[in-house]
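Peer 1: I have a structure I would like to understand better, so I am pasting it below and will then ask my questions one at a time.
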């Protein structure tokens, strides 16, 4: 489904299903590509100095959309204007982790997925038997995630699709005394809600984690937090989770750098992840 082929000089070469893409990759400027002969085989290349000024250039005919599968998760991909395609491949291992956690539960837990993007984690949870509340601030991305649910045969799964600012939604859920058994968060460094709300991770993540602790008080089974913001490494993120959840955070932590690897084993660090599971 996905393979990292090579990276370096500020770019990465990736295989998504049948299509090979050459995209910018901050943080690889000092690395040197090790398979230069492969780069000319890319089906499309994203060009430009920034996401807002960039454009895709294709070698030949490519479909506007195509699908890829990872276990029960089916995603529709496309070449977006920002250089994104609808999937963050470093999340694949997290989808497997979610599936393993949920298959061992024995009953239907209620999962809150914040900054849920095109729904990979949502679909992994729903396929494993969870009830999921999927929250994202972009209406078109929520619609994209719903199409993915249809492609995966999960259109009738117990998923609530919420187009809302994550912080505003969790505050409202807390006022309503709604409760969840698990939380997934993939917050950006900076963003906007549908009504102009401003999200800054450095300011807002601590209070969002505190709200998540309130929404799962006494019943949290697991938490998955991923982050791509510079300066927020696994130890710092784990400390933030422990501080927000207090005694409720007693359990098993796995905090590490998310890493993609080429076929030859070259590692490409791709953000940080904190996984927490409540001890029996």
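The values are calculated or read from the model by the stated rules, or taken from the named source; none is laboratory data. Just so you know, these numbers come straight off a predicted model, no measurement behind them. Virtual Cβ from ideal backbone geometry, glycine too; neighbours counted across all protein chains shown.
Peer 1: Suppose we filter 124, 116 for residues that are crowded, with 16+ Cβ neighbours inside 10 Å, under 16 Å from the mean Cα position of the chain (by Cα) and part of a loop (DSSP other than H, G, I, E, B); which single one remains?
Peer 2: After ruling out the rest, the residue left standing is 116.
Peer 1: Could you check the range 171-213 and list, in sequence order, the residues that are in contact (Cβ under 8 Å) with a residue 12 or more places away in the chain, in a loop (DSSP other than H, G, I, E, B) and over 19 Å from residue 224 (Cα atoms)?
Peer 2: Scanning the range 171-213 gives 178, 193, 194, 195, 197.
Peer 1: Give the residue that is surrounded by the fewest Cβ atoms within 10 Å (Cβ to Cβ), with candidates limited to residues of the range 221-251 that are over 20 Å from the mean Cα position of the chain (by Cα) and within 20 Å of residue 112 (Cβ to Cβ).
Peer 2: 246
Peer 1: Taking residue 220 as the residue in question, decide whether it is in contact with a helix residue (DSSP H, G or I) (Cβ under 7 Å, 6 or more places away or on another chain), under 21 Å from residue 102 (Cβ atoms) and outside any loop (DSSP other than H, G, I, E, B).
Peer 2: No.
Peer 1: For the range 58-73, which residues satisfy the criterion of being touching a residue at least 60 places away in the same chain (Cβ under 8 Å) and touching a strand residue (DSSP E or B) at 6+ places or on another chain (Cβ under 6 Å)?
Peer 2: Hits for the range 58-73 are 67, 68.
Peer 1: Would a scan of the range 179-188 turn up a residue that is at pLDDT below 95 and surrounded by 20 or more Cβ atoms within 10 Å (Cβ to Cβ)?
Peer 2: Of the range 179-188, the ones at pLDDT below 95 are none.
No, the range 179-188 contains no residue that is at pLDDT below 95 and surrounded by 20 or more Cβ atoms within 10 Å (Cβ to Cβ).
Peer 1: Same structure, new question: Considering only residues of the range 260-270 that are closer than 17 Å to residue 226 by Cα and surrounded by 15 or more Cβ atoms within 10 Å (Cβ to Cβ), which is nearest to the chain's Cα centre (by Cα)?
Peer 2: So, considering only residues that are closer than 17 Å to residue 226 by Cα and surrounded by 15 or more Cβ atoms within 10 Å (Cβ to Cβ), the one nearest to the chain's Cα centre (by Cα) is 270.
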